[in-house]
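The values are calculated or read from the model by the stated rules, or taken from the named source; none is laboratory data. No experiment lies behind these values; they were computed from the predicted model shown. Please note: Cβ atoms are built from the backbone with ideal geometry, for glycine as well, and neighbour counts cover all protein chains shown. Please note that ligands, DNA and RNA were not included when accessible areas were found on the heavy atoms of the full protein model with its side chains. Shrake-Rupley method; radii C 1.70, N 1.55, O 1.52, S 1.80 Å.
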Amino acid sequence: MSKYIIKYKKTILLIFLGIALICGFTMRYSKTNYNMADYLPSKADSTIAMELLDEEFNDVIPNARVMISNVSMEDALVMKEKIAKLEGIESITWLDDVIDFKNLAILSQDKNFDASLLESYYKDSSAIFTITVKKGYDEVATEGIYDLIGEENAAAGNAINMATTQKMSVTEVTNAFLILIPLILIILLLTTTSWIEPLLFLVSIGLAVILNIGTNFILGDVSFVTASIAPILQFAVSLDYAIFLLHSFNREKKINKDINVAMKNAMKSSFSIIIASAVTTMVGFIALLFMRFELGANLGLILVKGIIFSFISVMVLLPALTLFLNKLIEKTEHKSFIPELKKVGNLFIKVRIPFLIIALLLVVPCYISQSKTLFTYGTTSIADASRAGSDAKKIEKVFGKENTIVIMLPLGEEEKEMALSMDLLKTEHITKVMSLPLMSLQNIPKEQLTNQFNSKNYTRIILYTDVPEEGDTTFTLIDTIKDTINKHYDKYYLTGESLVLYDMKNIVAEDIQIVNLIAIVGILVVLLFTFKSFLIPFILVFVIETAIWINLALTSFLGNSLSFVGYLIISTVQLGATVDYAILFTKKYFDNRVTLSKIDAIKKTINENLIAISISATLLSLAGFCLAFTSSNPVVKELGILLGRGTILSFVMVIFVLPALLILFDKWINKDKLKTNKNNKKADKK
């Protein structure tokens, strides 16, 4: 392969440039999906119920509320008509839809009239409208609502949250790159010996990122989480490959004056490390493909595709580009700004035992603590950081919290429906129950109620609750509602935003275990083939997994909840990406161990590779912290902090704890892997 790359380097450059231009054009055709519910399995209960609701009643569950303050009932009706005409509004419900508004004065004197019904729609001179926004129109509808109601009124709900998420995601990837790239350039300029070399890194990996984004349209759509983090992750994770190759090339140039031979040898010598690094990273991402919650597959597939593009770019484009610009590289050479570290290994070797003891003391409590992390699944945290969050508090202050759940029941059993409705009214956290039998008591025309509550095959009950979208209280209420319905009906359907999150929680809980198992087993297998040893893979995985557990345990210790997306990504990315440091360190240790004692081999390995591993860890942690700094999306911000912090912890484990383990198990590693000579054995005895 190296012969053809060297021979046809100009052709390769033109091909990559052409493909990059095409992908730059096709980027605009990649659609972003902001609805997490779309990634639930088709057989999930809430998915089936939602589809049935749409089919039977030709509408969906209301997903927004708008409150107009200091308004009369007559003016509220006028405002309702204005909102109904906005683009993206499918339906709007208010007081006039549930009672005869013109005869309100007469109805209110009826002894069966429920006064609390009026206060559910109009209270303290404020009107609250329940709105359904069409799918895909969240941003357009929200902008229209905000323009109409102004700052003094309020709008909240899932549709508003999704619109907020869309607005946050549009420019944040670009902002992250605008900060990250200059930082990377500074680090690379300080650690390379040519002013041009850093540009080679950025061009080769940057083109790979463009190829990845430009081919996303093939998948149909990309989740907003994937769109927000995949480019940064791909760039940061695969930059190592370019560093490995060019460092190898620079070493070979000192031995071979013929740059073609030097590049050929560099490609050969660095191939095993690069392929091992790429495959271990890919295994972590491949594990996501086995999730039933399809967001994992969406993210995993794009990241796997990105790593493949990065690997091809480094092994094909980068050698061709380097040879093509070699004269310019030599003309712009400068002295290294980083001094050689000849004695740092002595310091690290002295503190290995204390660090090993600390790691062993932390591993069990951190594992237990991280397993108890509370996860979030919805977009509430995103809304809390925006106007949507403050508006939600305004509405709750007047009308209380409202979370809608819809029950669909077989048609034609009104007595059972009435009995169920009465039982649900007695349930804690259910503030209002709307059903055909109950609403009939309000002397509302039968035809109006029938059209609202009945379809050809089903009748529906609408529950209004005061619980948040998700959390222990919400999920316990759902279990209670199910138990109550089971006393009256054998067959029913439940849906609503909280039901979607309830299903997501149950599905993801199983997915997390599967993903972690596949990632760990997969990487163990890759390491087994890489090192041809049974012991070494377990040592390396233990080192990185301990760093992951400490990272996640810190979130738990601080009493914070964690987005399940953050957990999945960290448990796969931190393992797959930072195990590269352990691979590089262990490989170099083996090379040195052939002629040196275990202590001297460790010292030399640290002296020669500390800078390389430091550069890699710094770049990845910077990528994480840039995501955290530039993103207003709490999910992405949280992930960035986890990635930045986790990379530092992995670096500490590899530099301080891995050497101690390699020395401790050296005897068994020798039997398992190495053949040492007599001089080494004598050195070890000393």
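For region 145-161, which positions are open to solvent by 20 Å² or more (accessible area, probe 1.4 Å), assigned to a helix (DSSP H, G or I) and of a type outside the set (D, E)? Within region 145-161, Y146, L148, N158 qualify.
Residues in region 503-549 that are touching a residue at least 24 places away in the same chain (Cβ under 8 Å) and not hydrophobic (A, V, I, L, M, F, W, C): D503, K505, E510, D511, N516, G522, T530, K532, S533, E545, T546.
Within region 207-218, the set of residues being touching a helix residue (DSSP H, G or I) at 6+ places or on another chain (Cβ under 7 Å) and in a helix (DSSP H, G or I) comprises L207, A208, V209, I210, L211, N212, I213, G214, N216, F217.
Tell me, please, whether a residue that is on the phi > 0 side of the Ramachandran plot and either at pLDDT below 90 or of a type outside the set (A, V, I, L, M, F, W, C) (or both) can be found in region 440-449. Checking region 440-449: at least one residue is on the phi > 0 side of the Ramachandran plot and either at pLDDT below 90 or of a type outside the set (A, V, I, L, M, F, W, C) (or both).
Set side by side, the residues M263, M267, M282 differ, and just one is open to solvent by 30 Å² or more (accessible area, probe 1.4 Å) and either in contact with a Ser or Thr (Cβ under 7 Å, 6 or more places away or on another chain) or assigned to a helix (DSSP H, G or I) (or both), which is M282.
Say whether the condition of being over 30 Å from F16 (Cα atoms) and either touching a strand residue (DSSP E or B) at 6+ places or on another chain (Cβ under 9 Å) or of a type outside the set (V, I, T) (or both) is met by at least one residue in region 211-229. No, the conditions are met nowhere in region 211-229. Open to solvent by less than 10 Å² (accessible area, probe 1.4 Å) and closer than 21 Å to V314 by Cβ: does that describe L188? Answer is yes for this residue. Residues that are more than 13 Å from A419 (Cβ to Cβ) and assigned to a loop (DSSP other than H, G, I, E, B) within region 483-499 comprise D490, K491, Y492, G496, listed in sequence order. Going by the structure shown, is T165 in contact with a strand residue (DSSP E or B) (Cβ under 9 Å, 6 or more places away or on another chain) and not in a loop (DSSP other than H, G, I, E, B)? When the stated conditions are applied, T165 does not pass them.
Of the residues D479, D490, the single one that is under 31 Å from the mean Cα position of the chain (by Cα) and within 17 Å of A49 (Cα to Cα) is D479.
Looking across region 38-49, the residues that are open to solvent by less than 60 Å² (accessible area, probe 1.4 Å) and either closer than 18 Å to T404 by Cα or of a type in the set (S, T, Y) (or both) come down to Y39, S46, T47, A49.
In region 116-137, of all residues being touching a strand residue (DSSP E or B) at 6+ places or on another chain (Cβ under 7 Å) and not hydrophobic (A, V, I, L, M, F, W, C), the one that is most open to solvent (accessible area, probe 1.4 Å) corresponds to K134.
If you check V203, V140, which single one turns out to be closer than 30 Å to L499 by Cα, assigned to a helix (DSSP H, G or I) and open to solvent by 60 Å² or more (accessible area, probe 1.4 Å)? Within the list V203, V140, the selection yields V140.
Taking the condition of being among the hydrophobic types (A, V, I, L, M, F, W, C), part of a helix (DSSP H, G or I) and either farther than 30 Å from M263 by Cα or free of Cβ contacts under 8 Å to residues at least 24 places away in the same chain (or both), how many residues in region 18-60 meet it? Residues that pass the stated criteria total 11.
Restricting region 73-101 to residues that are over 20 Å from L118 (Cβ atoms) and open to solvent by 50 Å² or more (accessible area, probe 1.4 Å) leaves a set whose member that is modelled with the lowest pLDDT is E90. Determine whether K401 is open to solvent by 10 Å² or more (accessible area, probe 1.4 Å), under 19 Å from T473 (Cα atoms), modelled with pLDDT under 90 and part of a strand (DSSP E or B). Judged against the criteria, K401 is not a match. Restricting region 219-242 to residues that are open to solvent by 10 Å² or more (accessible area, probe 1.4 Å) and aliphatic (A, V, I, L, M), the residue that is nearest to I570 (Cα to Cα) is A227.
So is A388 more than 30 Å from N35 (Cβ to Cβ), in contact (Cβ under 8 Å) with a residue 12 or more places away in the chain, part of a helix (DSSP H, G or I) and open to solvent by less than 70 Å² (accessible area, probe 1.4 Å) or not? Against the criterion (more than 30 Å from N35 (Cβ to Cβ), in contact (Cβ under 8 Å) with a residue 12 or more places away in the chain, part of a helix (DSSP H, G or I) and open to solvent by less than 70 Å² (accessible area, probe 1.4 Å)), A388 does not qualify.
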